[in-house]
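Accompanying notes for the structure given below.
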Amino acid sequence: MEASSISNDLSSLYADITKGKGKPLDYWEIAALLEVYGIRDVDAKKEYGFGNVFDMAKYMQKYIDTKIYPVKSLVSWEELPSFWVRIVKNYIRGLAFAMPMFVQIFFTLSIGYAIWSGIDMDKTKATVIALGTFLALIVTGASAQAIGRKGLFYLKQNEMILASNVTKALFNVGLVLVVAIGFILMLFNLFFEVLPPYYFFILIMFYFLLSFLFLNIAVYYMFEEYNKILYFFMLGMVFVYIAHALLKIKLPEAQFVSLIVLDIILSFFAYRKVRDLKKKNSISEGEGTPRASILFYSLIPFYMYGFLYFVFLVTDRIIAWSSSVEAKPYFIWFDVPYELGLDWALVALVLLMGLTEISIHEFMYRINDMIIQYKYKEYQKFNDTIFSFFKKFNFVYLVLSIIIIFITYFTVFIIYKVTQLSYVENFFNGYTPFVYWVAAISYAFMVNGLMNVLFIFSFSRQNFSVKSIAIASFVNIVVGMILSRMFGLEFAVIGLLVGSIIFWGLSFKYAINMLKKLEFYYYSSF
């Protein structure tokens, strides 16, 4: 049947097939829209009088310039909070992410102890507790990173059964790894007697209990429920206080009790959250899960990054504590002035971490919005616009990091001058202020590097992130070892500074290169 014999108007059909979509480029795209709408060649012939769908699309091509098309957008600015409300909200979310660290430091400095620390403990206990904590962070860091990345990926895709199954699998792998390394440690100490039984018991208890805590916390990080993590840590502090202050149980036994109770409660709620995911979308998804070999191969970069990140964070402490020329019973010996300087700097780190949440959200809002506004030939304008925002944000971060570092210092200084408390005075003795300033500057570089890495991660460039933190960790170790042995243990913090600068520099350079070809990285990341 000839097209000229058609008397019906197809403009309403054209409106239906292009509803909510952008302007078609040509009749080929119209044909695709017709087929998606459900119109076949037989329908085009019987109902509309055309030989096939493509003939029908050619006829409807005349409607392309007769309609006003909505601009497709990946970001609905009307539904988002205003700019400053968004900034405050995301900063608080970023703070909540790092707030457990702040809780630990705050209570240690205010009442003398926290969930896994205590000012009045003897140096042997402080040393083995710190070693147990470091081991827990390093061993679980890899699994926590994998859970957070892969579990969150499936949650964002609304693949709830996959999120549940994969999270349980990764959690179990992390648990097996914790137990295996714990067993090796027990055999090692049994044969070589590095630590007396009681002190090794303290180390291994903190190692197991904190590892279990960190794995459960990773589940809540996956759900991005940072506020609940803070509530659980506060609850843990309540348990420690009740056990130690009211029931008169000595430290660290009171902390063991608190961690056992907290682990049980946290495990119960974390398990329920993961289990309940299966109640959603179960009909449409089915029960398929990725092959274990493929799953873990895809997660190797995240495992490596999580492991190396925590190695980087604790390296300078291990180097400093092992470099003292004073007589000490063990190879590694807790150093109070050095630890005070780092804890002081960690307060600045917590305040800086709030900015990471702002950075990734604001960047992705603008990238996803701008990618629609520019045509494919205008890719350079798109790159330049995002690069301009990147430069402005980094300048703002530089100013804010300087302000935060100084505010943190002078807040403690004012507290010392007003209260004259003896333990606050310790912050201004010896090399503690030196460690603070160097560590705080180091953390400022490190957080900026983390922002770059988050940006790089969001475009599926995981391997570079692993390389950057690996190089930074190596530099941290080498520089810290050399300087601490030549000039004194406090110079181990210079290794942290140089490593942080290297981490920032490598990630910053890679981010700049990405921004110059952002259109390529954007589309190749899917």
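We did not get these values from a lab; they are worked out from the coordinates using the rules stated. The structure displayed is predicted, hence computed values, not measured ones. Here Cβ is always computed from backbone atoms with ideal geometry, including for glycine, and neighbour counts include all displayed protein chains.
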> Which of the GluC sites (Glu not before Pro) found in region 133-225 are in a DSSP loop and have at most 10 neighbouring Cβ atoms, other than their own, within 10 Å?
Replying inline: Glu193
>> Tell me the net charge near Phe97. Cut-off is 10 Å between Cβ atoms, Phe97 excluded, with +1 for each Lys or Arg and -1 for each Asp or Glu.
In response: -1
>> Tell me which of Ile30, Met56, Phe487 sits at the most positive position along the dipole axis of the chain, charges placed on C-beta atoms (Lys, Arg +1; Asp, Glu -1).
In response: Met56
>> Net charge within 15 Å of Val219 by Cβ-Cβ distance, Lys/Arg positive one each and Asp/Glu negative one each, not counting Val219 itself?
In response: +4
> Where the only charges are on Cβ atoms (+1 Lys, Arg; -1 Asp, Glu), what is the dipole of the chain about its Cα centre, to the nearest 20 debye?
Replying inline: 300
> For region 246-255, what does the Karplus curve 6.51 cos²θ - 1.76 cosθ + 1.60, with θ = phi - 60°, yield as ³J(HN,Hα) per residue in whole Hz, taken in order and with x for Gly and Pro?
Replying inline: 9, 8, 6, 7, 6, 7, x, 4, 4, 6
> What pairs from Lys21/Lys509; Lys23/Lys381; Lys89/Lys516; Lys150/Lys273; Lys89/Lys417; Lys89/Lys279 go past 26 Å between their alpha carbons?
Replying inline: Lys21/Lys509; Lys89/Lys516; Lys89/Lys417; Lys89/Lys279
>> Let me check I've understood the local charge: for Phe503, count other residues with C-beta under 12 angstrom from its C-beta, Lys and Arg +1, Asp and Glu -1. What total comes out?
In response: +2
> Sequence-distant or interchain residues sharing an amide H contact under 5 Å with Arg461, placed H: which?
Replying inline: none
>> Using +1 at the C-beta of Lys and Arg and -1 at the C-beta of Asp and Glu, which of Ala96, Thr411, Phe427 has the Cα lying farthest in the positive direction of the dipole of the chain?
In response: Ala96
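Quickly estimate the mean residue ellipticity at 222 nm for the chain, helices only: each DSSP H run with n ≥ 4 gives -39500 (n - 2.57), and the total goes over all residues, rounded to 500.
-25500 deg cm²/dmol
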> Short version: ³J(HN,Hα) in whole Hz for each residue of region 214-227, in order, from phi by Karplus 6.51 cos²θ - 1.76 cosθ + 1.60 (θ = phi - 60°), x for Gly and Pro, what are they?
Replying inline: 5, 5, 5, 4, 4, 5, 6, 4, 4, 7, 6, 9, 5, 5
> Hey, what angle do you get for helix 336-373 against the long axis of the chain, alpha-carbon based, 0 to 90 degrees rounded to 10?
Replying inline: 0
> Could the peptides 82-92, 121-131 be put in order, highest first, of the mean number of other beta-carbon atoms found within 10 Å of their residues?
Replying inline: 121-131, 82-92
